[in-house]
Amino acid sequence: MGGPDTYEECILENMKGVQSNLAAREIARSCRRKFPLIERLPKAYFAKVSAKAHTDANRFYATIFNNCDNWKITAVQFKIRHMPPLPEKPDFADLLVEQNPELAEMVTASYMVETEIGPHGRTTAAIPIGWDATKGYKWEIVFAKGHRVTE
């Protein structure tokens, strides 16, 4: 009985008996502040999300930076590729995947990190992975989700 859990529940609970359009708009605004609309960050804002990463034997660690002025990040998806280099040909794994794209799925995994990073904030995430990444890996941020922050 702690109140609504979703935007829709908030609207239903608070609109009972409301007769005025002005009151209905204020209730909708209040509910949206409590339950912001989560969406994929537009390209211009996604470009301001960055990370620094390192690994140990079984984990990928990423410090995620939100350099946006008015977006709170709620999730980031990473793509991590196991890229063990051969001593004599360090780019062999890249070349092999380039010539045989079907192999990419065998050495690539996606990981969604749920988070709460306010504007100009950062956080660190530890992702368990299924291989020894100290032997070589590549990574990228595929997309980020969040919501606009309004004052």
### Message
Take SER20 and TYR7, extend 7 Å from each Cα along the Cα→Cβ direction, and tell me the distance between the two endpoints in nm.
### Response
2.5 nm
### Query
In whole Å, how far is the Cα centre of segment 1-80 from that of segment 119-142?
22 Å
## Note on the structure
With 0.36 nm assigned to each residue of separation and the Cα-Cα distance removed, THR134 to MET112 gains 5.8 nm
### Task
Please identify every one of the trypsin sites (Lys or Arg not before Pro) in segment 114-151 that sits in a loop by DSSP and has no more than 12 other beta carbons within 10 Å of its own beta carbon.
none
### Query
Hey, fewest Cβ within 10 Å first, where do VAL76, VAL142 land in order?
VAL142, VAL76
### Query
Going through segment 1-47, which trypsin sites (Lys or Arg not before Pro) have at most 14 other Cβ atoms within 10 Å and a DSSP loop state?
LYS16
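Computed from the coordinates by the stated procedures, all read-outs in this text should not be read as laboratory data. Just so it is clear, the structure is predicted and the values come from calculations on it, not from any experiment. Ideal geometry is used to build each Cβ from the backbone, glycine not excepted, and the neighbour counts take in all protein chains shown.
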